[in-house]
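Report on one structure; see the data block that follows.
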Amino acid sequence: MDKRLFRDAMGKFATGITVVTADHQNDIKGITVNAFMSLSLDPTLVAISIDQKAAMYTILQEVDTFGISVLAEDQKEQSMVFANQKSADSAIKFDQLAETPVLNGALVQLACEKESFVQAGDHMIFIAKVNDIKLTEGQPLVYFNGAYQHLDK
């Protein structure tokens, strides 16, 4: 299978953008993730997939809790910062939800408790129980065909 062809094909699936954050040794770490999904309503479970080359790959195995922030359309810079595509122009602001760091201004903030994780090729899939949720009105930041997009209102 041609890896570039596979990557291009997966890029045709429009996704929202999330940033996964964790307090690791009293320092907030994060990563931009578009491989995110809900798994179950009872119990409330979500899953994220993290590349083995990412620093968060090891961190998420070590921590018990982490936050997931679904980004709003005006949070492209935060997405790029946590994807290591650029340096922050200003300090990133965090909120605390159930003692878990999440991004300020996100459409959705989830406080998650890690349930399990499983190796899947060159990624690790982390399954977590959602313990708290905060919602905000607005439009999502979307990724499609290798570029950030905005939804028409």
query: Given Phe126, Phe94, Phe117, which one is surrounded by 13 or more Cβ atoms within 10 Å (Cβ to Cβ) and under 15 Å from Asn34 (Cα atoms)?
result: Phe126
message: On the basis of being out of contact with any Leu (no Cβ under 9 Å at 6 or more places or on another chain) and either touching a residue at least 12 places away in the same chain (Cβ under 8 Å) or hydroxyl-bearing (Ser, Thr, Tyr) (or both), does Glu77 make the cut?
response: yes
- request: State whether the residues of the stretch 34-53 include one that is of a type in the set (Ser, Thr, Tyr), surrounded by 14 or more Cβ atoms within 10 Å (Cβ to Cβ), over 17 Å from Gly105 (Cα atoms) and at pLDDT below 95.
  value: no
- request: Examine the stretch 81-90 for a residue that is over 26 Å from Glu115 (Cβ atoms) and either part of a strand (DSSP E or B) or aromatic (Phe, Trp, Tyr) (or both), and state whether such a residue exists.
  value: no
message: I'd like the full set of residues that are closer than 22 Å to Ala83 by Cα, in a strand (DSSP E or B) and free of Cβ contacts under 8 Å to residues at least 60 places away in the same chain, limited to the stretch 115-150.
response: Phe117, Gln119, Ala147
message: Within the stretch 99-114, take every residue that is of a type in the set (Gly, Ala, Ser) and not in a strand (DSSP E or B) and give me the one that is nearest to Pro43 (Cα to Cα).
response: Ala106
message: Take the conditions surrounded by fewer than 10 Cβ atoms within 10 Å (Cβ to Cβ), under 16 Å from Pro101 (Cα atoms) and of a type in the set (D, E, K, R) and apply them to Asp23. Does it pass?
response: no
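Which one is modelled with the lowest pLDDT among residues in the stretch 119-153 that are more than 21 Å from Asp42 (Cβ to Cβ) and aliphatic (A, V, I, L, M)?
Leu151
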message: For the stretch 85-100, check the following and say yes or no: at least one residue is within 14 Å of the chain's Cα centre (by Cα) and either closer than 23 Å to Ala120 by Cα or free of Cβ contacts under 8 Å to residues at least 12 places away in the same chain (or both).
response: no
statement: Restricting the stretch 1-20 to residues that are surrounded by 15 or more Cβ atoms within 10 Å (Cβ to Cβ) and among the aliphatic types (A, V, I, L, M), the one nearest to Phe66 (Cα to Cα) turns out to be Val20
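The values are calculated or read from the model by the stated rules, or taken from the named source; none is laboratory data. This structure is a prediction, so every number in the text was calculated from the model and none was measured. All Cβ positions, glycine included, derive from the backbone under ideal geometry; neighbour counts span all protein chains shown.
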